[in-house]
Amino acid sequence: MQTKLKCFFTAIVLFTAAIATAQPKKIVADMIIGRVGDRIVLKSDIDNQIADAKRQEMDLPPDAHCHLMQQLIINKMLALQSEKDSLPVSDDEVDADIDNRIRYFISQYGSREAIEQITGKTIYQFREEMRGPIKEGKQAAAMRNKIVENIKITPTEVKAYYDRIPKDSLRFYETELELGEIVIYPKAGREMEEYAQDELKEYKRMVEAGEKKFETLASLYTDDPGSKQTGGMYVLNRSDKQWDPSFFNTAMSLKEGQVSRVIKSKFGYHIIQCVSRNGDEVTVRHILKVPRITDADINAAIFKLDTVRTKLVAGTLKFGEAVSKYSDEDQSKFTGGRKMSAEGSSIVTIDQLEKDIIPLLDSLKVGDYSKPIAFTDERGKKGVRMIYLISKTAPHRENLKDDYSKVAARALEEKKEKELEKWFMKKASTFFVQLNDEYNACPSIKMLLLL
């Protein structure tokens with residue numbers, strides 16, 4: 001049965017990912033190539049996803065259009081059942097998702113006007129075009145979650161799953177680590193703070209005197225790498241929670257064209273210019289100056305962290321307490337100081353670590369604390385860090401002793417897929433499906449519709 005439906009999770013995830021990464025496109029001639037219940041499948045639904053996958057240099061099978069149609073059919077069946085079961089997907093959820101994507105597109109293309117020019121539609125029309133697919137994706141995910149929400153896995157089932165894997169097909173794992181860190185960002189001296197503020201005051205004067213454009217100065221002088229290429233541009237919404245409060249409140253208070261006074265945030269000093277307003281959204285540009293950290297500042301932080309290390313080694317201070325009391329890394333407050341992978345796991349591999357950490361690991365045993373070292377983060381901010389080696393595994397072939405949680409996660413996914421297959425065997429024939437002839441000939445779709 002798995003070969004009939006491929007992987008339900010993959011189907012849903014790929015479809016949702018395609019919506020999330022789809023780029024604004026010009027209007028082109030379109031046509032209906034399928035129906036599932038009262039929902040239609042457009043030719044552009046397939047073409048756009050294939051184009052996006054190619055743009056991201058993803059490998060596509062020769063019959064990619066068949067697989068994508070299969071995914072769309074499954075997604076629409078789940079969404080229709082979600083409606084029948086009255087699973088909640090609120091308009092607020094959908095609107096928030098749309099707003100996030102509009103802001104992303106504006107950050108990529110520079111302005112609302114640029115998006116309208118690319119799509120040939122107003123922002124309102126573009127928003128409404130996204131509404132259906134986004135809501136459908138959320139409905140399908142809600143239905144899938146309902147179907148598998150009570151599925152659990154036992155140790156006996158995990159072992160049975162593991163025993164079915166051919167020994168030469170067991171995964172090979174490189175060295176895996178669990179690391180803690182304490183990070184201190186030294187504070188700049190008063191002289192450097194005043195110098196940064198004076199620079200920004202001069203930029204503000206130049207903009208207000210008409211001598212320079214704000215975006216030109218931002219592109220040349222901002223210390224924010226995330227907005228340097230876009231002339232310091234960001235799009236803010238009143239519902240946003242992730243911004244520094246000082247930066248956000250100042251930005252939201254400006255009139256169009258107005259340049260703020262110099263303000264301080266947790267990142268440094270800024271001036272902000274309001275570019276435009278549209279309802280709850282404000283487009284701004286900013287210039288960030290981070291006061292220069294001197295060698296004396298770095299050495300003072302190293303001395304402070306070395307004192308903390310001495311207490312940790314002596315056992316008079318717990319690592320978690322040290323993180324809470326001394327670490328300046330915001331994320332560490334939520335992870336107990338543990339380094340996290342991009343996927344949110346506390347287990348990381350060598351290639352996921354910053355280059356300056358790797359040399360420290362050669363001399364560390366499990367339970368050891370490194371000496372403090374200076375570093376520069378991805379934002380160009382200078383700091384001092386100390387590493388705690390919590391655990392370390394040698395390169396090895398997958399086994400239940402060292403990798404039980406990973407095997408169990410895959411076994412659980414397989415069990416959930418089987419539950420979804422049962423659901424489709426029971427429900428698929430209750431849905432009306434009509435496709436163009438070219439898709440009726442797809443083997444995977446033939447098998448799906450024979451359920």
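Rounded to two decimals, what ratio of Rg to Rh does segment 407-451 give with C-alpha atoms and a Kirkwood Rh? Reported Rg/Rh, Kirkwood definition of Rh: 1.13. Counting every alpha-carbon pair across segment 344-426, the share separated by more than 21 Å comes to 53%. Sorting Asp97, Asp244 from the fewest to the most surrounding beta carbons within 10 angstrom yields Asp244, Asp97. Of the GluC sites (Glu not before Pro) in segment 142-195, the ones in a loop by DSSP (not H, G, I, E or B) with at most 12 other beta carbons within 10 Å are Glu149, Glu174. Only the Cβ atoms of Lys and Arg (+1) and of Asp and Glu (-1) were treated as charged; on that basis the dipole of segment 84-220 about its Cα centre amounts to roughly 560 debye.
Distant-in-sequence amide contacts of Ile390, defined by a placed amide H-H separation under 5 Å and a gap of 5 or more residues or a different chain, comprise Glu178, Leu179, Gly180, Gly367. Partners of Lys422 within straight-line reach, counting lysines whose Cα lies under 20 Å from its Cα and excluding those fewer than 8 residues away in the same chain: Lys4, Lys6, Lys76, Lys84, Lys146, Lys152, Lys446. For Ser265, the amide hydrogen comes within under 5 Å of the amide hydrogens of His270, counting only partners 5 or more places away or on other chains and with H modelled in the peptide plane. Among Phe214, Phe424, Phe375, the ranking by other beta carbons within 10 Å of each residue's beta carbon, starting with the fewest, stands as Phe375, Phe424, Phe214.
Length gained on full extension, Glu208 to Ile151: 14.3 nm, using 0.36 nm per residue less the C-alpha separation.
Estimated from the Cβ-Cβ distance and a Förster radius of 25 angstrom, the FRET efficiency linking Arg35 and Gln117 is about 0.15. With a Förster radius of 45 Å applied to the beta-carbon distance between Asp368 and Glu414, the computed FRET efficiency rounds to 0.70. Helical content of the chain, expressed as a calculated mean residue ellipticity at 222 nm, amounts to -15500 deg cm²/dmol (DSSP H runs of 4 or more residues, -39,500 (n - 2.57) each, divided by residue number, nearest 500). Annotation for segment 221-299 versus segment 175-217: alpha-carbon center distance of 10 Å.
Residue-wise HN-Hα couplings along segment 116-123, as the Karplus relation 6.51 cos²θ - 1.76 cosθ + 1.60 with θ = phi - 60° gives them from phi, are 5, 5, 5, 7, x, 9, 6, 4 Hz; Gly and Pro carry x.
For segment 101-132, the residues whose backbone nitrogen is under 18 Å from a point 7 Å from the Cα of Arg238, taken along Cα to Cβ, are 103. For segment 375-384, putting each phi into the Karplus relation 6.51 cos²θ - 1.76 cosθ + 1.60 with θ = phi - 60° gives couplings of 8, 10, 7, 5, 8, x, 8, 8, x, 10 Hz, in residue order, rounded to whole numbers and with x for Gly and Pro. 3J(HN,Hα) along segment 274-285: 7, 8, 7, 10, 8, x, 8, 9, 10, 9, 10, 10 Hz, from the Karplus curve 6.51 cos²θ - 1.76 cosθ + 1.60 with θ = phi - 60°, whole Hz, x for Gly and Pro. Starting from the Kirkwood radius over alpha-carbon pairs of segment 190-289, derive D by Stokes-Einstein at 25 °C in a medium of 0.890 mPa s and give it in µm² s⁻¹. Stokes-Einstein gives a translational diffusion coefficient of 183 µm²/s. The local environment of Val275, defined by Cβ-Cβ distances under 14 Å, has a net charge of +2 under the rule Lys, Arg +1 and Asp, Glu -1. Which links in Lys266/Lys355; Lys121/Lys213; Lys304/Lys382 stretch past 19 Å when you go from one Cα to the other? Correct reply: Lys266/Lys355; Lys121/Lys213.
Rg over Rh of segment 297-451, using C-alpha atoms and the Kirkwood radius, what does it come to? Rg/Rh: 1.24.
Can you list the trypsin sites (Lys or Arg not before Pro) in segment 147-206 that are in a DSSP coil and have 10 or fewer other beta carbons within 10 angstrom? Those satisfying the criteria are Lys152. Label separation (Lys333 vs Leu60): 4.6 nm, computed from points 7 Å beyond Cα along the C-beta direction.
Could you give the angle, 0 to 90 degrees to the nearest 10, between helix 91-109's Cα long axis and the longest principal axis of the Cα atoms of the chain? It works out to around 60 degrees.
Residues His286, His67, ranked from the fewest to the most other C-beta atoms within 10 Å, line up as His67, His286. Rounded to the nearest 20, the Cβ-based charge dipole of the chain about its Cα centre (Lys and Arg +1, Asp and Glu -1) stands at 660 debye. Please state the Cα pair-distance histogram of segment 252-297 with 5 angstrom bins from zero: what percent is in each bin? Cα pair-distance distribution for segment 252-297, in percent: 5, 20, 24, 18, 14, 7, 5, 4, 2, 0. The length gained on full extension between Lys187 and Asp95, counted as 0.36 nm times the residue separation minus their Cα-Cα distance, comes to 29.1 nm.
Here, each number is a calculation from the coordinates, and none is a lab measurement. The shown structure was predicted, so the numbers you read here are calculated from the model rather than taken from an experiment. Ideal geometry is used to build each Cβ from the backbone, glycine not excepted, and the neighbour counts take in all protein chains shown.
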